[in-house]
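The values are calculated or read from the model by the stated rules, or taken from the named source; none is laboratory data. These figures come from a predicted structure and were not determined experimentally. Reconstructed Cβ throughout: ideal geometry from the backbone, glycine too, with neighbour counts over all protein chains shown. Accessible surface areas use protein heavy atoms only, side chains included; no ligands, DNA or RNA. Shrake-Rupley method; radii C 1.70, N 1.55, O 1.52, S 1.80 Å.
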Amino acid sequence: MNYWHMQLHPDDKSEWSSLDIKKIISQKMIGCSGPPVSIFQTIGIGDYVLVRHGGEIIALTKVTSKPEITPLEIKDEYIWFDNYCKIDILEIYESEYVYGKGWFLPKTLMPIDNDIAYTYIINLLKKINKRVGENNLKENIKLLKYKKQIILQGPPGTGKTRLAKQVADNIINNNPQNLSPRELIENFFKFGKSDKKYNENFRSRLEEFYDYFPKNQFSEMNLDDYCIGKNNSTNFCWWIERGLDKYGKFTPGNSGNYVIYFSKEDEDYRLAKFSQQGMFDIFVDIQRALGDLVENESIELASKLFGDSFIIKILNSYYPEKYFPINGRTSLVNLMKIFDKPFKKIATIELNKSVQNIFDEYKNKYPSDITTLDFMHFLYSRFDLKNDGNLYEDSKKVDVSRKPTLIQFHPSYTYEDFVKGIVAKPNEKGGVIYKAENRMLAKLANDAIDYPDNNYVLIIDEINRANLSSVLGELIYALEYRGEEVESMYEVDGSQKLILPPNLFIIGTMNTADRSVGHIDYAIRRRFAFVDILPKNLTTELGNDFKKDIFTKVSELFIENYNPEMEYGPEESRLSRSRHLSEEFEPKDVWLGHSYFIQHYEYDTNGIKDVNQPVDFTLRLEYEIKPILREYVKDGILKPSALEIINNLGK
């Protein structure tokens, strides 16, 4: 591959404008006549040619055919040259000029042979490749939004999982301006709108709650009024956990955290804590603690019985203007980090009050009808506040961008692992109880239903390694008919319904070289869009950090007359099978991907790449690249003729 810059007009350029040059370029050819032809004939397929008009840059092009004599039938007022070659147009420019050192412009055609001109053209290529990559990413995002589920398929090492994460990040976070968390929050208060219907429903739900449990009734409350476990919605603990969950979730972990609960197994009330005291005495303490908490906002007694999250949820339910609707310490600490506020050794309830104060400050600065519920929804839609990461490290920095859910399928994976299933749990007597529970997909679907303004993405790595028909079950219907109820074989919380909402997106990745797994049947295939992800030469993007020579030699095992300067599509690679590749396989399915040929570096103690400490590439060559290629020979993908080439790689 070589780099050139050339004029594209006859000797007398005074009658030729940049617009005329662009008309020539639009026919996807370049050429010349006279003495420069001898140089022009040395241009090769894959060379880059910067076309100019004097010092004005017209276009960057890539040669796609060898130079030859221009046929008379294609000559016209613009195709003036006697020799030509075909090109791809990479970029057309407006008002772009080069002058001075590094550019000798009078000549018709010149190789780029100095650092100044070379750096210039490489930077142009990097911008183009970045834009092409961004456009490809946008196309995949557009496809996922339309189809709701896609599969990225290709041979090993092509970056399928990495691309899946990029697509997911855009779908989930949608932050094209790359604003900081504080800037996103500021913009929310400046331009955000309140969800009036949601807030009205909340007020109505609170009134219903107050009818059951007014502030002054706790001294008269009985066990039935308090305890969860009887499958009714008339007890206090059910309301705090489930009745008001759309307005700030509280998850106790297990019923024992309520101190007393109704055991279905015993058909009686159980005391989960403080076994040295009688149930009656403990319940009297619970009455007093709840009464003092709700009537006086005093936590002294309640903190001896309950966890902070339960206490905050109760306070927020009775005093929604004073306590913020987030009760988990992890989330509150992450918010303190966002606002650069202290959090160590500060009680969880005090952190909650700090968030409420932050809300009040923004409301005073940007008066609007936004409520704490609106702000809570915004925070969880934009940030992954539940991720504890380096929660109590000295650094206050925290990555609060929301993440996709990632899972990897394997041959023994089942519907019960993925959607819903029976799980065994120990009971209080040392025995085991069996209970149906939602698994990963059903939980994610429920989250997406609860927060319809948020997007959720599930990435299923190696999706074809499981028996998909068995794993998906009734989801095969739900994938196509988003938002419609389907019946699951398991009942969870009194319901067998399962819904895949339209804001839950699924990205699968599939290794096309893996023949040890089953094929995806047509019923499932038509519900997914398939995108081919193929190997490519990364020299322009990575320079010497991409081992182009070895990549080329390996690629020649799969593709006849492989040209590292060509951008291969699935159809082109299918038509160019190497003599070393078995006739049973298509190059696009088994061609070893580009990620195997990227130079790795050591990292310092701060996790920063040390560019002065490259990892010995022969380790990757001997223990990753060669073994998989030899396995290809063993499996009949590559013919024995490939072995000599494989063994000599890097020599």
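Quick look at the values:
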| read-out | value |
| --- | --- |
| Pairs with Cβ under 9 Å, 6+ apart, first in the range 354-374 and in contact (Cβ under 8 Å) with a residue 60 or more places away in the chain and open to solvent by 40 Å² or more (accessible area, probe 1.4 Å), second part of a loop (DSSP other than H, G, I, E, B) and aliphatic (A, V, I, L, M) | K363/I370 |
| Lone qualifier among N170, N129 - being under 25 Å from K22 (Cα atoms) and either touching a helix residue (DSSP H, G or I) at 6+ places or on another chain (Cβ under 6 Å) or modelled with pLDDT of 90 or more (or both) | N129 |
| Filtered residues of the range 254-273 (kept if of a type in the set (K, R) and in a strand (DSSP E or B)) | R270 |
| Filter result (over 23 Å from the mean Cα position of the chain (by Cα) and open to solvent by 50 Å² or more (accessible area, probe 1.4 Å)) within the range 470-500 | S470, Y477, Y481, E484, E485, E487, M489, E491, D493, G494, Q496, K497 |
| Search result, residues across the range 246-261 that are charged (D, E, K, R) and in contact with an Asp or Glu (Cβ under 8 Å, 6 or more places away or on another chain) | K246 |
| The range 603-639, subset open to solvent by 80 Å² or more (accessible area, probe 1.4 Å) and under 19 Å from W591 (Cβ atoms), residue farthest from the chain's Cα centre (by Cα) | K634 |
| Strands (runs of 3 or more DSSP E) contained in the range 451-556 and holding at least 2 residues under 21 Å from Y415 (Cβ atoms) and in contact with a strand residue (DSSP E or B) (Cβ under 8 Å, 6 or more places away or on another chain) | 456-461, 486-492, 495-498, 504-511 |
| Any hit, the range 131-140, residues being crowded, with 16+ Cβ neighbours inside 10 Å and of a type in the set (G, A, S) | no |
| Extreme residue, surrounded by the fewest Cβ atoms within 10 Å (Cβ to Cβ), among residues of the range 443-466 that are closer than 11 Å to P501 by Cα and among the hydrophobic types (A, V, I, L, M, F, W, C) | I449 |
| Subset tally (residues that are open to solvent by 60 Å² or more (accessible area, probe 1.4 Å), part of a loop (DSSP other than H, G, I, E, B) and either over 10 Å from G31 (Cβ atoms) or free of Cβ contacts under 8 Å to residues at least 40 places away in the same chain (or both)) for the range 65-82 | 4 |
| Pair list, Cβ under 6 Å, 6 or more apart: the range 204-219 residue under 16 Å from E295 (Cβ atoms) and in contact (Cβ under 8 Å) with a residue 24 or more places away in the chain, other residue of a type in the set (G, A, S) and surrounded by 12 or more Cβ atoms within 10 Å (Cβ to Cβ) | F218/G291; S219/G291 |
| Qualifying residue in the range 219-238 (condition: open to solvent by 20 Å² or more (accessible area, probe 1.4 Å) and under 36 Å from the mean Cα position of the chain (by Cα)) | yes |
| Looking only at the range 534-558, and only at residues there that are among the hydrophobic types (A, V, I, L, M, F, W, C) and either at pLDDT below 90 or touching a Phe, Trp or Tyr at 6+ places or on another chain (Cβ under 7 Å) (or both), the one that is surrounded by the fewest Cβ atoms within 10 Å (Cβ to Cβ) | L542 |
| Qualifying residue in the range 523-533 (condition: open to solvent by less than 10 Å² (accessible area, probe 1.4 Å) and more than 29 Å from L629 (Cα to Cα)) | yes |
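Table: residues versus (1) touching a residue at least 24 places away in the same chain (Cβ under 8 Å); (2) open to solvent by 80 Å² or more (accessible area, probe 1.4 Å).
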site: S194; (1), (2): yes, no
site: K246; (1), (2): yes, yes
site: E267; (1), (2): no, yes
site: A289; (1), (2): no, no
